[in-house]
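Asks: Can you keep this structure in mind? I'll have questions shortly.
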Amino acid sequence: FVCIVCPDAGLPRARPQLSDTGCILRTALGDDWIRSAGDTVVLEPDRITSDVALFEQAAEEGRLSEAVALYGGPLLDGFHISDSVEFETWLDGERARLGHLYAETLEALAEACEGMGDVDVALGWWRRRAAQDPYNGRVALRLMRALEAAGDRAGALKHARIHETLLREEFGANPDPEVTALTERLRHDAPTLPVPGPFSPSVPPPP
């Protein structure tokens, strides 16, 4: 957590205000809760934490399911400070960075499940990844393949239609060629039918 004091005040006025803010915080919390670092006041992570810090730590330590559960959406979604370009620039960067880490975590979980042959659970992670970034052609393709692997050809085609509609309505763009190619294959390939085996002696054949 970084406290930025009056970003429009200029350094000559901001530094005394920052010093006063530090004194107020130390009086309220104690000397070991905050520390000064240049022109910022930083809360000591050993004394106070946040969901952001816990999310990052879980992701870095490979506790991927826990990390996903801790991610509650874009950082400070809907929050802004008027006339503070510096803060908005910082916040946009942090939102993008944390969102990217969340996306990487979802994909790592999905691919791990695919590697273990757990198709249904992998599909669930790909659904969440696609919901986070519905315009991403690579992710749409991975979800469609997961749906096909789970035997849901109709679901794969439905997602292709949704993805195509979103791209055209929002950006006037066409889907990725690989998405289009997979869509065409799913439309025209006949489903693979199982080869019947011999009847069990305990089950009579149909009349």
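Asks: Where does each of 33, 126 land when they are ordered by accessible area, with a 1.4 Å probe and the largest first?
Replies: On the way: 33 60, 126 0 Å².
If we order 33, 126 from most to least accessible, we get 33, 126.
Asks: Taking the Cα centre of the range 100-181 as origin, work out the dipole magnitude from +1 charges on Lys and Arg Cβ and -1 charges on Asp and Glu Cβ, in debye rounded to 20. Kindly include the intermediate steps, with their values, before the conclusion.
Replies: Values: 10 positive and 14 negative charges, 45 e Å.
The dipole magnitude comes to about 220 debye.
Asks: Let me ask something else. Can you give the extra length, in nm with one decimal, that the chain gains between residue 24 and residue 176 once fully stretched, where that is 0.36 nm per residue apart less the Cα-Cα distance? Spell out each step's value before the answer.
Replies: Values: separation 152, 0.36 × 152 = 54.72 nm, distance 5.51 nm.
Computed gain between residue 24 and residue 176 is 49.2 nm.
Asks: Counting only residues 5 or more places away or on other chains, whose amide H sits under 5 Å from the amide H of residue 34 once H atoms are built in the peptide plane?
Replies: Amide H neighbours of residue 34, under 5 Å, 5+ apart: 44.
Asks: I want to check the label-to-label distance for residue 69 and residue 97. Put each point 7 Å from Cα in the C-beta direction and report it in nm to one decimal.
Replies: Here the answer is 2.6 nm between the modelled labels.
Asks: Can you compute 3J(HN,Hα) from phi for each residue in the range 167-173, using the Karplus curve 6.51 cos²θ - 1.76 cosθ + 1.60 with θ = phi - 60°, rounded to whole Hz and x for Gly and Pro?
Replies: Couplings: 4, 6, 6, 8, 10, x, 10 Hz.
Asks: From a point 7 Å beyond the Cα of residue 90 in the direction of its Cβ, which residues of the range 41-71 have a backbone N at a distance under 19 Å?
Replies: Correct set: 41-46, 48-54, 56.
Asks: Determine ³J(HN,Hα), in whole Hz, for all residues of the range 83-94 in sequence, where each value follows from phi through the Karplus function 6.51 cos²θ - 1.76 cosθ + 1.60 and θ = phi - 60°; x replaces Gly and Pro.
Replies: For the range 83-94, the Karplus curve yields 6, 10, 4, 4, 5, 5, 5, 4, 5, 4, x, 5 Hz.
Asks: Residues of the range 70-92 with backbone nitrogen within less than 14 Å of a virtual label 7 Å along the Cα-to-Cβ line of residue 54, please, listed as ranges.
Replies: 70-73
Asks: In addition: Evaluate E = 1/(1 + (r/R0)^6) for residue 185 and residue 133, where r is the Cβ-Cβ distance and R0 equals 25 Å; express this FRET efficiency to the nearest 0.05. Don't skip to the end; give the middle numbers.
Replies: Working: r = 24 Å, r/R0 = 0.94.
After rounding to 0.05, the efficiency reads 0.60.
Asks: Give me the accessible area of residue 89, 1.4 Å probe, in Å² rounded to the nearest 10.
Replies: 90
Asks: Add +1 for every Lys or Arg and -1 for every Asp or Glu among the other residues with Cβ under 10 Å from the Cβ of residue 57, and state the total. Please report the intermediate quantities before stating the final value.
Replies: Details: positive: 63; negative: 56, 60, 61, 66.
Net charge around residue 57: -3.
Asks: In terms of modelled amide H atoms, which long-range or inter-chain residues lie less than 5 Å from the amide H of residue 135?
Replies: Excluding prolines and chain starts, which carry no amide H, there are no hits.
Asks: Evaluate E = 1/(1 + (r/R0)^6) for residue 79 and residue 120, where r is the Cβ-Cβ distance and R0 equals 35 Å; express this FRET efficiency to the nearest 0.05. Provide the component values of the computation, followed by the final result.
Replies: Working: r = 37 Å, r/R0 = 1.06.
My answer for the efficiency is 0.40.
The values are calculated or read from the model by the stated rules, or taken from the named source; none is laboratory data. Just so you know, these numbers come straight off a predicted model, no measurement behind them. Note: ideal-geometry Cβ built from the backbone for every residue, glycine included; neighbour counts use all protein chains shown. Each accessible area value is taken on the protein alone, full model and side chains, heavy atoms only, with ligands, DNA and RNA left out. Shrake-Rupley method; radii C 1.70, N 1.55, O 1.52, S 1.80 Å.
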